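Trainee: Structure in structure tokens, see below.
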Amino acid sequence: MNRAGHRRHAGANSGVGTAVVGAGVRHESAHLHVTGAAPYTDDIAVPADTLHAAFGISPIAHGRVVALDLAAVLAAAGVVAVATAADVPGENNYGGILHDDPIFADGEVQYAGQPLFAVAATSRAAARRAVLRANLRFDELPALLDVRSALAARSFVVPSKRIARGDAAGAIGSAPHRLAGSVTMGGQDHFYLEGQVAIALPQEDDTLQVHCSTQHPTEVQNVVAHALGLSAHAVNVQCRRMGGAFGGKESQPALIAAAAAILARKTRQPVKLRLDRDADIQITGKRHDFVADYEVGFDDRGRLLGLKVMLAAGCGYSADLSGPVVDRAMCHVDNAYFLDHVEIIAHHCRTHTVSNTAFRGFGGPQGMLVIERILDDIARTLGLDPLDVRRINYYGVGARDTTPYGQRVEDNILEAITDQLLASSDYRARRAALAAWNRTSPVVKRGIALTPVKFGISFNAAHFNQAGALVHIYTDGTVLLNHGGTEMGQGLYTKVAQVVAHELGLPLSAVRTSATDTAKVPNTSATAASSGADLNGKAAQAAARVLRKRLVAHASAKHAVAPGEVVFAAGRVRIGKHDLSFRELVSDAYLARVQLSSTGFYSTPKIHWDRSRFNGRPFFYFAYGAAVSEVAVDTLSGETQLLRLDILHDVGVSLNPAIDLGQIEGGFLQGVGWLTSEELRWNAKGQLQTHAPSTYKIPSVRDWPLQANIRILEHEPNREDTIHRSKAVGEPPLMLCISTFLAIRDAIAACAPDARELPDLRAPATPEAVLTAIDRLDFRALPLAEPDKNRRRTDRRGTRVSVP
Amino acid sequence: MNAATDTADAPLAPGAATDEVRFVLDGRIMSVLDVPPALTVLDYLREHLGRCGTKEGCAEGDCGACTVVLGELDTDDHVRYRAINSCIRFLATIDGKELVTVESLADTDGNLHPVQQAMVDKHASQCGFCTPGFVMSLFALYLENAAPRREDVIECLAGNLCRCTGYRPIIDAGCSMGTYPEPARWSRADAALAARAALLRSIQRTDALHLSGFLAPRNVEELTTALGDAPQSLLLAGGTDVGLWVTKHLRDLAPMIYLGEVAELRQIESDEGFLLIGAAVSLTDAWRAIVEQHRELAELAQRFASPPVRNSGTLCGNIANGSPIGDAMPALIALGARIELRRGNGVRDMPLEDFYLGYQRTALEAGEFVAAVIVPGRDADVAVASYKWSKRIDQDISAVCAAFAVRIDDGRVASVRIAYGGMAAVPARARHAEAILVGLPWSRDTIEAAVAALARDFTPISDMRASADYRMRAAAQMLRRFFLERSASPPLLRTTQVQVA
């Protein structure tokens, strides 16, 4: 096997003579990806005595464990050890915020799929087979399986929260128009292609080396240490790359690593735990499903006068990250719109289902979908173009610019984005053409929608907004970079290496990034909240600047030139009249005993947050974007097709436009999956029925639109001092998908004789959901798709409130 | 299992070693002893060879991360290369074939293959985990098609999931890969070299491969004898379902008899207006032959699973499996297909719809096997259509699948066959609806009467794919669609036909 020596096909990556920052260079591992030479955690060579683990899981949603008899499991072929809650030497918990997530259920099971025990065996197949032999008995308890039931039972994982400004009830009461309605949206499985996996390798003196596919090595380190009763310095966690994560490897990997570590401790052998796809989807958390009820008052032009929103998030059995997820949902109910008199109440519903967790957008998409649906309802009620209603409600510049949580929107560029996108997409003309077209097409209907995104960047919890980096220069002039951020495909390693190469005037090929490692950069935050490049780029830049400063000091002293006359560019250094290669300067500095290694640190300025008052400046800045989707809906089958997509998205000054484009496109389509084909279905017993790609349908290649015009906004540097004035790009584009969902709704509305109908379209808009929404339209006769006369119109749909 | 021995320097005599799996990898003959019968190609690559470029994403043939390419002699001096899912393909079934993995493509100097280089240049990998599978699917297309169009690329990639990119750059890579200079290794010319066929010829066997728990008879006589001796054997064809029994259901398999090497069963015969498709014919080849006759089924053929599944799986396997949601059956039943069942030298045949007795129960008797399906050829007087509705267009299992075949004489329905999948415990005809239609004028009112009769034909269930309600509604809508498509001036019925501004 030829794993080594694949020739680097550098292309644009040589970097010599070109700007490294801002160049669309390829992903640092692209040549490894395409040759199968990029090792993921499961590909790491392990010692011959490595054991393979599997979880035994609860088949029921809620109950007391009466018997956990593992004799037959232990007797199964190849089994070396089992571990239950009783085998956890330290704390049986992997919950990061509240300690309410047991590694192994202890006495009570709280969701179907919850780990009860784990097996270590000589092969993965033996472990998977053995866990099925457990003799489990339960006293079943009543289970709450959906958000509405939990809401009715006031079953919450953390206390409810409220933001209020002005007099929402009064403003609604005196508004010329009022509307009330509900929005229902499903959750989403991450479906990273690489499932959860960890390897625990016992080391000398009871220490442990852990390889884990994780966005949060530090949390894995802490959870493993606590579970084993070890100190943090006895556990080292490493991750070179993940095969996708999307938030699903923020808090969840700690469970996997802890179980592997507990078995490794018990057997004194290395243990690998890799979940198969079904176990992964059943055991690990997902995007929160939400329901929202709203009341809104507005004027004749659709301007919002007062708004009350009740959000209820399906959190599952434990808190996990639900508190912060719901905070972000609350902070994004405004999206791009000024909400003068507003009240947002949010509930964190505890259900007997898997504990939902971080997922790209982190509550933001759910909050945003609510307001976008409301504005769509308002526009339809008034018979206006939804875009006009949106624009009249946009945040102002210098006025009407304060969010419900008290942060001023100082960098609003949505008017410019909307104008550009309107022109480039020809929205108005196409909208008119569609209306005419729909009148002549009885079966296929088309719809169009433009929706904006304003997404707050920074962790809501201020202390997470810090990062560290470590940069070494070797005497041959090459650079090894390490930082606390993890690589999950988003191109973080590439971008940060570009930053470091830029600081030292080196070609990108001179900078290599080593695996994220808790022994190199400690106490890191999760690579999450789109913050990876912002935080780690700044930290690495700081480290590189320290090194450059030392080299400048050395060169200016030695050659008696002013520091300003030492210039690094294209792998060379000009020192007054001298011209050296970087390598020559470095060798020289080494001989002069200059330290060629430095750490760097960054903490985001300006941000503050008062949790108790739900007020402050949680976000350093906002990222913006807008999208126009045009869809066709087959009203016989309910199937939909995205025909054309136009996106204009803000990334500030791009560090790497090729990578940013990939984030925009990929985030968008992932969002489309959430709102169209990805449907999580549980049966009446609370068992998830869609736990494999055969039943859970993420977008496939044909779902990319037939025509797509994706553009990065130009000439809009971040107004804040971010790394090279760039903006975060991981999450914001996902929410551009709302345009697709509302375009489908627009097409459904075109079925009704009365254009003011409010289609009751739930998310995801599966063919069945689309057909159901068509059925529920109040139409006298649809030419071909016969309405089901027996179907009751639901009370969940938007209902008009009579004007006083 | 013994470690593979690389025997390139010591060629085996043809026909030797009936207990040793032999295949070609990177130009060398691999010989593997003591192969467990249910060992998958993927596990062999990763766990035995430490060749970890090929990934497991789902272990059910649905995500494509495990895609590899299999080369098979189709004539004496030509190798045909096709993508398959290595996660559900048993190693013993690649005996006599050439295995190409993602590690095989770059040349020995490390120069990337055009497929790989195009993927790099188009920024088509992000996390990279699905990438080897995409590379291999595109590689199979590269060998087959010098200048693929966008639609070819999309069709080729229907079985590969990517969660990062949104697919656009991968599509671009597929569309541009043909424009790169010919590679030193794995150009189309290189793939067609006589030496490759010769190497494969050298490992073809005359005696059946016979492992513990696995027999691959070479002809029907050997097959019937083996099955007669051990009627409880598991008949394995493409393994795209049986593979899941191993990887997902963790079942112990009965000793397997593999149909893939039975020469007589690998044939498609065309005779007197009928197609006879043998039990070992892949879905790819079977659908190609059927669509040549029945062009109306082209979309169904394309939406049937994915290219790698169709390359391994067989049409008769889909039939014998008896799944209520198999997508081939409604169309075959509507066309009036019959199946040929064989035991020993005895052969009987029956209409396909009579084969299904109940949920996962068929008319197959002990020691009997489905030898072939007989599909009537085109009848210009019969209008045929099949529709499949599912949450996703590509690689999805239908909520409902329907097929219609109607003959209209003088404006009246002379005969009609309507079959549905997903509506009952078995694929079944809509006999009440059919009975209503026969003799009536071909009109909207007649169709609505037939729609009403569907309620007497079916009581579908609710499951994760669709509710009973939706299924009933879809069944009706499909019948209406069939009518509309045949009306004098049909309205636009397909979202794919919309012209985008």
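No lab work stands behind these numbers, since they all come straight from the coordinates. Just so it is clear, the structure is predicted and the values come from calculations on it, not from any experiment. Glycine gets a Cβ as well: all are built from the backbone with ideal geometry, and neighbour counts include every protein chain shown.
Trainee: Go through (1) over 20 Å from the mean Cα position of the chain (by Cα); (2) away from every other protein chain (no Cβ under 14 Å) for A:V651 and report which single condition fails.
Mentor: Looking at each condition in turn, A:V651 falls short on (1).
Trainee: What residue, of B:I319, B:I408, B:I374, B:I393, is touching a Phe, Trp or Tyr at 6+ places or on another chain (Cβ under 8 Å) and within 30 Å of A:Y696 (Cα to Cα)? Give the steps one after another, and end with the answer.
Mentor: Working: B:I408 fails: within 30 Å of A:Y696 (Cα to Cα); B:I374 fails: within 30 Å of A:Y696 (Cα to Cα); B:I393 fails: touching a Phe, Trp or Tyr at 6+ places or on another chain (Cβ under 8 Å).
So the residue among B:I319, B:I408, B:I374, B:I393 that is touching a Phe, Trp or Tyr at 6+ places or on another chain (Cβ under 8 Å) and within 30 Å of A:Y696 (Cα to Cα) is B:I319.
Trainee: Counting just the residues of the stretch B:464-483 that are without any contact (Cβ under 8 Å) to a residue 40 or more places away in the chain and facing another protein chain (nearest Cβ under 7 Å), which one comes out farthest from A:G186 (Cα to Cα)?
Mentor: So, considering only residues that are without any contact (Cβ under 8 Å) to a residue 40 or more places away in the chain and facing another protein chain (nearest Cβ under 7 Å), the one farthest from A:G186 (Cα to Cα) is B:R480.
Trainee: Sticking with this structure for a sec: Restrict the check to the stretch A:764-781 and report whether at least one residue is surrounded by 24 or more Cβ atoms within 10 Å (Cβ to Cβ), aromatic (F, W, Y) and either in contact (Cβ under 8 Å) with a residue 12 or more places away in the chain or within 12 Å of chain B (Cβ to nearest Cβ) (or both).
Mentor: no
Trainee: How about the stretch A:96-117: which of its residues are under 18 Å from A:H62 (Cβ atoms) and surrounded by fewer than 21 Cβ atoms within 10 Å (Cβ to Cβ)?
Mentor: A:D100, A:D106, A:G107, A:E108
Trainee: Please verify whether the stretch B:76-93 includes one or more residues that are in a helix (DSSP H, G or I), closer than 30 Å to A:H190 by Cβ and within 11 Å of chain A (Cβ to nearest Cβ). Walk me through how you get there before you give the answer.
Mentor: Let us first name the residues in the stretch B:76-93 that are in a helix (DSSP H, G or I), namely B:86-88, B:91-93.
From the residues that got through so far, the ones that are closer than 30 Å to A:H190 by Cβ too are B:86-88.
Adding the requirement that they be within 11 Å of chain A (Cβ to nearest Cβ) leaves B:87.
The answer is yes, given that some residue of the stretch B:76-93 is in a helix (DSSP H, G or I), closer than 30 Å to A:H190 by Cβ and within 11 Å of chain A (Cβ to nearest Cβ).
Trainee: Return the residues of the stretch B:341-358 that are part of a strand (DSSP E or B) and surrounded by fewer than 19 Cβ atoms within 10 Å (Cβ to Cβ); say none if nothing qualifies. It would help to see each step written out before you state the result.
Mentor: So the first thing to find is which residues in the stretch B:341-358 are part of a strand (DSSP E or B), and the list is B:341-343, B:346-351, B:356-358.
Passing the criteria: B:R343, B:G346, B:V347, B:R348, B:D349, B:M350, B:P351, B:L357, B:G358.
Trainee: If A:A121 meets every condition in (1) more than 20 Å from A:C212 (Cα to Cα); (2) crowded, with 21+ Cβ neighbours inside 10 Å; (3) within 14 Å of chain B (Cβ to nearest Cβ) apart from one, which number is that one?
Mentor: Going through the list (1) more than 20 Å from A:C212 (Cα to Cα); (2) crowded, with 21+ Cβ neighbours inside 10 Å; (3) within 14 Å of chain B (Cβ to nearest Cβ), A:A121 breaks only (1).
Trainee: Restricting to the stretch B:290-317, name every residue that is without any contact (Cβ under 8 Å) to a residue 40 or more places away in the chain and aliphatic (A, V, I, L, M).
Mentor: B:V291, B:A298, B:A301
To keep it simple, each residue is scored yes or no on (1) surrounded by 24 or more Cβ atoms within 10 Å (Cβ to Cβ); (2) facing another protein chain (nearest Cβ under 8 Å).
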residue	(1), (2)
A:L661	yes, yes
A:S694	no, yes
A:P699	yes, yes
A:E714	no, no
A:I748	yes, no
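Trainee: Would you be able to tell me the number of residues in the stretch A:580-598 that are surrounded by fewer than 16 Cβ atoms within 10 Å (Cβ to Cβ) and part of a strand (DSSP E or B)?
Mentor: Number of matching residues: 2.
Trainee: Looking only at the stretch A:389-447, how many residues end up being under 17 Å from A:D650 (Cα atoms), of a type in the set (S, T, N, Q) and not in a loop (DSSP other than H, G, I, E, B)?
Mentor: Qualifying residue count for the region: 4.
Trainee: Now for a separate question. In the stretch B:197-229, how many are closer than 20 Å to B:G71 by Cα, small (G, A, S) and not in a loop (DSSP other than H, G, I, E, B)?
Mentor: Here the count works out to 3.
Trainee: Report those strands (runs of 3 or more DSSP E) wholly inside the stretch A:130-216 carrying at least 1 residues which are over 26 Å from A:Y696 (Cβ atoms) and touching an Asp or Glu at 6+ places or on another chain (Cβ under 7 Å). I'd like the intermediate steps shown before the answer.
Mentor: Numbers: elements: A:135-140, A:161-165, A:177-185, A:197-202, A:208-212.
Output list reads A:135-140, A:161-165, A:177-185.
Trainee: Residues of the stretch B:404-440 being away from chain A (no Cβ under 14 Å) and closer than 18 Å to B:N321 by Cβ, which ones?
Mentor: B:A419, B:Y420, B:G421, B:M423, B:A424, B:A425, B:V426, B:P427, B:A428
Trainee: Please go through the stretch B:377-403 and pick out each residue that is within 14 Å of chain A (Cβ to nearest Cβ) and among the β-branched types (V, I, T). Full working, then the answer.
Mentor: Restricting attention to the stretch B:377-403, the residues satisfying the condition of being within 14 Å of chain A (Cβ to nearest Cβ) are B:385-402.
B:I393, B:I397, B:V400 - these are the residues of the stretch B:377-403 that are within 14 Å of chain A (Cβ to nearest Cβ) and among the β-branched types (V, I, T).
Trainee: Residues of the stretch B:220-249 being more than 20 Å from the chain's Cα centre (by Cα) and either of a type in the set (D, E) or surrounded by 14 or more Cβ atoms within 10 Å (Cβ to Cβ) (or both), which ones? Please lay out each step first, then the result.
Mentor: To start, the set of residues in the stretch B:220-249 that are more than 20 Å from the chain's Cα centre (by Cα) comprises B:220-233, B:249.
Those that are more than 20 Å from the chain's Cα centre (by Cα) and either of a type in the set (D, E) or surrounded by 14 or more Cβ atoms within 10 Å (Cβ to Cβ) (or both): B:V220, B:E221, B:E222, B:L223, B:T224, B:A226, B:L227, B:D229, B:A230, B:S233.
Trainee: Same structure, new question: State yes or no: is B:P181 more than 9 Å from every other protein chain (Cβ to nearest Cβ), closer than 19 Å to B:V69 by Cβ, outside any helix (DSSP H, G or I) and not charged (D, E, K, R)?
Mentor: Values: more than 9 Å from every other protein chain (Cβ to nearest Cβ): yes; closer than 19 Å to B:V69 by Cβ: no; outside any helix (DSSP H, G or I): yes; not charged (D, E, K, R): yes.
Judged against the criteria, B:P181 is not a match.
Trainee: Then there's this: Among the residues of the stretch A:626-638, is there at least one that is within 10 Å of chain B (Cβ to nearest Cβ), touching a residue at least 40 places away in the same chain (Cβ under 8 Å), over 30 Å from A:N482 (Cβ atoms) and surrounded by fewer than 22 Cβ atoms within 10 Å (Cβ to Cβ)? Show your work before the answer.
Mentor: Going through the stretch A:626-638, the residues within 10 Å of chain B (Cβ to nearest Cβ) turn out to be A:630-638.
Next, only the ones that are touching a residue at least 40 places away in the same chain (Cβ under 8 Å) stay: A:630-638.
From what is left, the residues that are over 30 Å from A:N482 (Cβ atoms) are A:630-638.
Retained after the next criterion (residues that are surrounded by fewer than 22 Cβ atoms within 10 Å (Cβ to Cβ)): none.
Looking for residues that are within 10 Å of chain B (Cβ to nearest Cβ), touching a residue at least 40 places away in the same chain (Cβ under 8 Å), over 30 Å from A:N482 (Cβ atoms) and surrounded by fewer than 22 Cβ atoms within 10 Å (Cβ to Cβ), one finds none in the stretch A:626-638, hence no.
Trainee: Further question on the same structure: When the stretch A:424-433 is examined, which residues are found to be in contact (Cβ under 8 Å) with a residue 60 or more places away in the chain, surrounded by fewer than 23 Cβ atoms within 10 Å (Cβ to Cβ) and either within 10 Å of chain B (Cβ to nearest Cβ) or aliphatic (A, V, I, L, M) (or both)?
Mentor: A:R430
Trainee: What single numbered condition from (1) facing chain A (nearest Cβ under 8 Å); (2) touching a Pro at 6+ places or on another chain (Cβ under 9 Å); (3) not in a loop (DSSP other than H, G, I, E, B) fails to hold for B:K55?
Mentor: (3)
Trainee: To continue, here is another question. For the stretch B:44-72, which residues satisfy the criterion of being on the phi < 0 side of the Ramachandran plot and free of Cβ contacts under 8 Å to residues at least 12 places away in the same chain? Don't jump to the end; show me each part of the working.
Mentor: In the first step, residues of the stretch B:44-72 are kept if they are on the phi < 0 side of the Ramachandran plot; the result is B:44-49, B:51-58, B:60, B:62-63, B:65-72.
Within the stretch B:44-72, B:R46, B:E47, B:C52 meet the criteria.
Trainee: Which of (1) crowded, with 23+ Cβ neighbours inside 10 Å; (2) assigned to a loop (DSSP other than H, G, I, E, B); (3) out of contact with any strand residue (DSSP E or B) (no Cβ under 7 Å at 6 or more places or on another chain) is the odd one out, the single condition B:S323 does not satisfy?
Mentor: In the conditions (1) crowded, with 23+ Cβ neighbours inside 10 Å; (2) assigned to a loop (DSSP other than H, G, I, E, B); (3) out of contact with any strand residue (DSSP E or B) (no Cβ under 7 Å at 6 or more places or on another chain), B:S323 misses (1) alone.
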